[in-house]
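Report on the structure given below.
Bear in mind that the values in this text are calculations on the coordinates, not laboratory data. This one's a predicted model, so the numbers in the text were calculated from it and none came from an experiment. For neighbour counting, all protein chains shown are included, and Cβ atoms are generated from backbone atoms with ideal geometry for every residue, glycine included.
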Amino acid sequence: MIKVRLLVCLLTWALPCGLSWADDAPPPEPAEAAENESAPPTEHVPPARDDTPPYTLIVGARAWISQGRSAHNIGSPSGHPNVLSELTWRGMNSVITQVEGDLILKRFVMTGSVGYGAIGSGTLLDQDWNGDNRTQKTSETLSRASNGSVWIVSLTPGFRAFQWRVGDNPIPGGIDVLLGYQFWREQYIAYGAQNLLGPGQLPDVKALTQTNTWQSLRLGSRVTVPVLAWAAIKGSAFYIPVTYYRDEDIHHLRTSGSSALRQDPSFLTTATGGNGVQLEASLVVRIWRALTVEAGYTYWDIRSGSGSVQAYPASGGVVVEPHNVDNTRRQGVFFGANWIF
């Protein structure tokens, strides 16, 4: 009996203590509880990322199916006739293979190109006059042209005045202002000669080699306009404000007699000044990832300033004649492929 009473007393003392422990933590206020339930968990938000690449490098190759023509004329040492002789090369057609690179580094732009092509069949028209303004013709012959060549090297830096991008198109849009250098050499070789003023014909052997070299400054602009996620339109226009022109002629059949000429070369022409234009337009289509194909049209027209012609007789000495002008044109369609890095 004593044990039962002792147990009841212990329980009576312990129960209030247990309740006091449970009441130590006060219940949350209703407003605080609601705020805790509605507040989202705290997350770290990363800063916005600029997806514009630090640079764009485009490397490609193209085939320029070009048609060429060139005319070179000189005057008499006395001034009359004002056009003494003219060599006109027609059909100097060539498929020129070009390897190109285009670097865009923020606002800096650098483009470069190297090209070579063989010249197939064509013709040379050689005319001489005794009167001014191409009157009193004294000679006219037609020769077959073949085995010529074209070399082109250019390096053109500049800056990007405006730039933008369109969707997922990897081709950056922009307007560039460019100033650079171009080396352009064309060599023509003529065989035989048919007299167009009367009877007579030379055998079909190498008769004349003419090598025109142009070194020029180019000033212009280029525009690239992405129109869709997979296509862009490109165009460029260059003006050539000044050129240095050099022409070396070798007359292979004039090796004897009073009109014999040296063969290393026979004539040397130099001229400065001149001008020209170079125009191009194309459509670029992305076919896979960063691989694009391109098709377009290119037109080049360059003209020398006046200068001098040095003739080298086989007997020695130099005869100086005035050089009037050389005008070379090349135009045609091209097809290419490019990879964008």
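Residues VAL293, VAL284, VAL320 in ascending order of nearby Cβ atoms (within 10 Å, fewest first): VAL320, VAL293, VAL284. Starting from the Cα gyration tensor of the range 87-199, take the square roots of the eigenvalues, sort them a ≥ b ≥ c, and report rounded, prolate or oblate (rounded when a/c is under 1.5, otherwise prolate if a/b is larger than b/c, else oblate). Prolate is the answer for the range 87-199, as a/c is 1.5 or above and a/b outweighs b/c.
Exposure proxy shown here: for PHE162, PHE335, the number of other Cβ atoms within 10 Å sets the order, fewest to most, as PHE162, PHE335.
Magnitude of the charge dipole for the range 55-340, about its Cα centre and with charges confined to Cβ atoms of Lys, Arg (+1) and Asp, Glu (-1), is about 860 debye. Pairwise inverse Cα distances across the range 230-278, averaged and inverted, put the Kirkwood hydrodynamic radius at 14.4 Å. Each other residue within a Cβ distance under 9 Å of THR213 adds +1 if Lys or Arg and -1 if Asp or Glu, for a net charge of -1.
Computed over the Cα atoms of the range 55-340, the ratio of the radius of gyration to the Kirkwood radius (Rg/Rh) comes to 1.07. The distance linking the range 224-261 with the range 53-132 is 2 Å (Cα centroid to Cα centroid, whole angstrom).
If only the Cβ of Lys and Arg carry +1 and only the Cβ of Asp and Glu carry -1, the dipole of the range 249-341 around its Cα centre is close to 240 debye. Based on C-alpha pairs under 8 angstrom that are at least 6 apart in sequence, the range 182-254 has a relative contact order of 32 percent.
Based on Cα contacts under 8 Å between residues 6+ apart, the range 62-112 shows a relative contact order of 37 percent. Can you tell me how the range 269-333 classifies by the Cα gyration tensor, rounded, prolate or oblate, using a/c under 1.5 as the rounded cut? Prolate, since a/c reaches 1.5 and a/b exceeds b/c.
Relative to the 2.2 N^0.38 Å rule of thumb, the range 224-341 has a C-alpha radius of gyration ratio of 1.66.
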